[in-house]
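Chemist: Okay, here's the structure, questions in a sec.
No lab work stands behind these numbers, since they all come straight from the coordinates. This one's a predicted model, so the numbers in the text were calculated from it and none came from an experiment. Neighbour counts run over all protein chains shown; Cβ positions are idealised from the backbone, glycine included.
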Amino acid sequence: MTGLRERKKQATREALMTAALRLALERGLEHVRVEDIAAEAGVSPRTFNNYFSSKYEALAARHTDRVRATVAVLRARPPAEPFWEALTEAMVRPWEAHASDAGAAPPPELLAGIRMLAREPALRAEALQAAFAVDGELAAAVGERTGTDPTHDLYPSLVAAAATSVVQAAVGHWLRADPPVPLGPLLRDALRALAAGLPAPSE
């Protein structure tokens, strides 16, 4: 069970990430300072620096959290559940947890803001660094689930990399879709296609 101190730290971290995203969507990333994020979250800039080294890290940290949440969900899925069903739920749940309604199409203004952030080179670089930092954790969880060893077997790392790439591709499609489409069903469809071996679309 998580202690009160750890819960408070996690709540502060979450508040800073949420504030960074909200301000970036409202003002544009170049117009957001660390001081603005700290004030929005109700903490000091020094407290911000205890959690993140930059506004880019605060925004990219959501990816790290999603992967770690995926790992936790995968480890908690029923042992008898088929592997790809368990992995699909584990990959989708963290996205659904941070969406107001993952089963509905997003409002156009939200999509426009996220598209703008996705084009920021510094943020893309930070997100890539965050992805590298947690790739091994997902591979380890896949190994536990499948009885394979990431140190000696290719399968866990292959699955982790493929599933992560499929989710990124689905999110990219979600950002480009016109008219907008719901994210949750799109992620599930993409992961089911991967589980099926990505067969060619039928006529």
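Chemist: With only Lys, Arg, Asp and Glu charged, each at its Cβ (+1 for the first two, -1 for the last two), find how big the charge dipole of region 1-52 is about the Cα centre; round to the nearest 20 debye.
Modeler: On the way: 9 positive and 7 negative charges, 64 e Å.
Dipole magnitude for region 1-52 comes out near 300 debye.
Chemist: Between ALA11 and SER202, what length comes free when the chain is fully extended (0.36 nm per residue of separation minus the Cα-Cα distance, one decimal in nm)?
Modeler: Values: separation 191, 0.36 × 191 = 68.76 nm, distance 4.70 nm.
Here the answer is 64.1 nm.
Chemist: Then there is this: Would you kindly state how much longer the chain becomes between THR18 and ARG119 on full extension, computed as 0.36 nm times their sequence separation minus their alpha carbon distance, in nm to one decimal?
Modeler: Values: separation 101, 0.36 × 101 = 36.36 nm, distance 1.92 nm.
Full extension of this stretch gives 34.4 nm more.
Chemist: A follow-up question, please. Could you tell me what fraction of 2.2 N^0.38 Å the Cα radius of gyration of region 1-52 comes to, as a two-decimal ratio? Walk me through the numbers on the way to the answer.
Modeler: Numbers: Rg = 11.7 Å, N = 52, 2.2 N^0.38 = 9.9 Å.
Taking N as the residue count of region 1-52, the ratio is 1.19.
Chemist: Over all alpha-carbon pairs of the chain, lay out the pair-distance distribution in 10 Å bins, whole %, shortest bin first.
Modeler: Spelled out bin by bin, the chain gives 8, 31, 35, 21, 5, 0 percent.
Chemist: Can you list the residues of region 160-203 with backbone N under 12 Å from a point 7 Å past the Cα of PHE83, pointing along Cα to Cβ?
Modeler: So the set is 160, 195.
Chemist: Starting from the Cα of SER44, step 7 Å along the direction of its Cβ; do the same at LEU158; then give the gap between the two resulting points in nm.
Modeler: Once both label points are built, they end up 5.3 nm from each other.
Chemist: As a check on your grasp of the helix formula, calculate [θ] at 222 nm for the chain: sum -39500 (n - 2.57) over DSSP H runs of n ≥ 4, divide by the residue count, round to the nearest 500.
Modeler: Details: 9 runs with 148 residues, N = 203.
Mean residue ellipticity, 222 nm, calculated: -24500 deg cm²/dmol.
Chemist: Could you give the length gained on full extension between ALA97 and GLU35, defined as 0.36 nm per residue of separation minus the Cα-Cα distance, in nm? Write down the numbers at each step before the final one.
Modeler: Working: separation 62, 0.36 × 62 = 22.32 nm, distance 2.75 nm.
Between ALA97 and GLU35, full extension yields 19.6 nm more.
Chemist: Further, regarding this structure: Modelled label-to-label distance, ALA76 and ALA177, 7 Å Cα→beta-carbon offset: nm?
Modeler: 2.6
Chemist: If you don't mind, another one. Computed on alpha carbon atoms, what radius of gyration and Dmax characterise region 148-203, expressed in Å?
Modeler: 13.7, 45
Chemist: What is the helix-to-structure angle for 183-195, meaning the angle in degrees between its Cα long axis and the longest Cα principal axis of the chain, kept from 0 to 90 and rounded to the nearest 10?
Modeler: Around 30 degrees separate the two axes.
Chemist: I'd like to know which of LEU138, PRO185, PHE83 lies farthest towards the positive end of the charge dipole of region 54-195, counting +1 on Cβ of Lys and Arg and -1 on Cβ of Asp and Glu.
Modeler: PRO185
Chemist: Please get the size of the charge dipole for the chain, origin at its Cα centre, with Cβ charges of +1 on Lys and Arg and -1 on Asp and Glu, quoted in debye to the nearest 20.
Modeler: Numbers: 23 positive and 25 negative charges, 111 e Å.
That gives a dipole near 540 debye.
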